[in-house]
Structure formats: C-alpha cells, structure tokens
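Working notes, beginning with the structure itself.
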Amino acid sequence: MTVVSVLCACAIALAMTGCSKNSGSAPELKSSTVTSPTIGENGTLRVGVNTSLSPLAGMGNSKIIGIDVDLAAAVADSLGLKLQIVDTGSSPAKAIANGTVDVAFGVENGESSSGLKLTSEYIPTATAIFKLKSSNASAPTVGSTTKIAAQASSKSAWSVTNTFSSDSLVSSSDIASAFQSLKSGEADYVAADAVFGTYAASKAEIDVEIVAIIGSASGYSAAVAESNTELYSAVSAALTELTNNGTVAVIQKKWLGNEITLDDATKLSGSSSSNSSSSSSSSSSTKSESSGSKSVATDANSV
C-alpha cells in the first residue's frame, strides 16, 4: 500500500472546473466541514484508489493520477480539506477498516462491500458493446454469430459467450488489442467495461460508440465505513453537487474524450437457463479487464 503525496485539493479542483485564480497567489482552502474522528487526520481527506484500474487511477510521471484522483480532489476541496491519495489495490474495505484511508473511490456497485456504505454512482458502467462510428451496424442480435472481440477470460468475454456463443468471441490479450481487431475488420464489435473500453479506444484514436449493453448497468462509487454516517453524508452531498455543477462531466471528458451515457444503449441478455447455470462460475473464473497498460496516459484531453 503506497501513499504517494498530499495534494492541494483546491488547486486541482480549480484546474478541473476551469475556474480562474489570481496570478501569484495560492488558492485558499474553505473551512473544514468534517473533522476527527469522522476523518482520521484533521484537515486531510485520505482517499484510497486502485492504480491497476486506469483510467480511474494509475501511474503517470511517478504520481497517481486519473479520474478518481481528480474527482477526489474536487470532493476534498468541497469539504475544505487537503487530499492524500493512497494506493489500496483491490482491498478498499481492508484499508478503510484499519484506518489507512477515510474513503475509497472506484468501488463498483455489486462488488463485495461488507462493512462499507457506497454513495450513488459517479460514473456509470456495464459490459458495453462498441462499434465503429463509421459503421452502419446496429446493435447485434442475441444468439447471432456476429464476431465480438473481448479480453480473454474477462467478464466481457464470458458475457459474449453466454449471450451469443463461443463462436462469436474473438479473444484478445487486452482491451487495446480488442479494438485493433475491430479496426482491422477481424471483429464487428468489441465487448468491454464501458469506462475501460472508452478509455482504450480514445487512447488508440479509434472513433467508437456504445450501441448496446449486456445485462444490467452498474457504476463506480465512493465507499466509506458503514458506521461513519457523517462522512457518508458529506461525501455524498459533495458528489451530488459536483455532478449537478458539471465537474464530473468535465473530468470524464478529460480522461475519456466524452461523458459516458448508457441510457440509449440497447439492453441485451442471454437466455435465462444459460444465465442461471453459469452465473456462479463467472465470478470465480473471470479476471479484471485491462485497458492495455497499467500506466494512465499523461496526454489526456486538456480541459
């Protein structure tokens, strides 16, 4: 578990929202709205992220950067706090329970969250079906033998096999390779997590759009200890404000090129018998998807 730096949350939040500041003067923190014991250290919000989940969080120029870092900075600023980012890996619940962090970002609804309370989703996701924008193709038909590229042994690959067939799956080493298969014509579509897929396509400068999702949509949230109702209320209120004032959309566009919306995507699902017989094996046999690099791109679109 690595603590990388204590950042000036106000400065980062100003950069995200495009607010101006007087030349030669440092931005002032607001008065803190939460204190110890609601947070572990007075004046600082300690936020856990998982640096293997780029673009939510990853390494760039020896620093932890990404969507979750920018959003955490904006939340900390809203609460009048400085920000400390901690790489908690895939164990946010443990880091919160042992007091290493106050809150964790990048927790997907539906994950095991015993002892945690999750905020509303700040970015939606699902197993998404992407097509080239230049293609006239509509959403694929369930049960068809259309070719869909997905990262091998991932949740998306399992979803393709379950919803379509094993013959439909074009297995790829990572999401970036899957989009190259789409670009070359080897595949008609790509199946990937909506966030990671959008990021990988943007990095590769492949113009795509989401035409369908498989199963139900979920999303990424912030998590706090279930018993810490005061911090939960404060973080939830801050995220709601940042969503309503457009900050969350600006951060998404910076890293992903556009804001993710799934409302217009066609909803696909496999047969009920197939779903019931293989849902348990999915959780035990699939692995996390990779955008093709653990490092987060440092040349995200400027805002």
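Only the coordinates and a few stated rules stand behind these numbers; no lab work does. Fair warning: this is a prediction, and the values are worked out from it, not measured in the lab. Using ideal geometry, Cβ is built from the backbone for each residue, glycine included, and neighbour counts are taken over all protein chains shown.
Observations on the structure shown:
- The stretch 88-120 and the stretch 195-209 have Cα centres spaced 27 Å apart.
- Near S218, the amide H atoms lying under 5 Å from its own belong to T125, A126; only residues 5 or more places off or on other chains count, and H is placed 1.01 Å from N.
- With each label modelled as a point 7 angstrom along the Cα→C-beta vector, the S227-S173 pair spans 4.8 nm.
- Residue-by-residue Karplus 3J(HN,Hα) for the stretch 180-190, coefficients 6.51, -1.76, 1.60, Hz, glycine and proline x: 5, 5, 5, 4, 7, x, 5, 10, 8, 9, 10
- Estimated dipole of the stretch 96-235 in Debye, rounded to 20 [Cβ of Lys and Arg +1, of Asp and Glu -1, Cα centre]: 320
- Residues listed by number, the stretch 191-217, amide nitrogen under 18 Å from N258 label point at 7 Å toward C-beta: 191-214
- Couplings 3J(HN,Hα) of the stretch 159-172, computed from phi: 5, 4, 4, 6, 8, 10, 5, 5, 5, 7, 6, 9, 6, 10 Hz, in residue order, whole Hz [Karplus 6.51 cos²θ - 1.76 cosθ + 1.60, θ = phi - 60°; x for Gly and Pro].
- HN-Hα J in Hz across the stretch 51-56 - Karplus 6.51, -1.76, 1.60, θ = phi - 60°, x for Gly and Pro: 6, 8, 10, 5, x, 4
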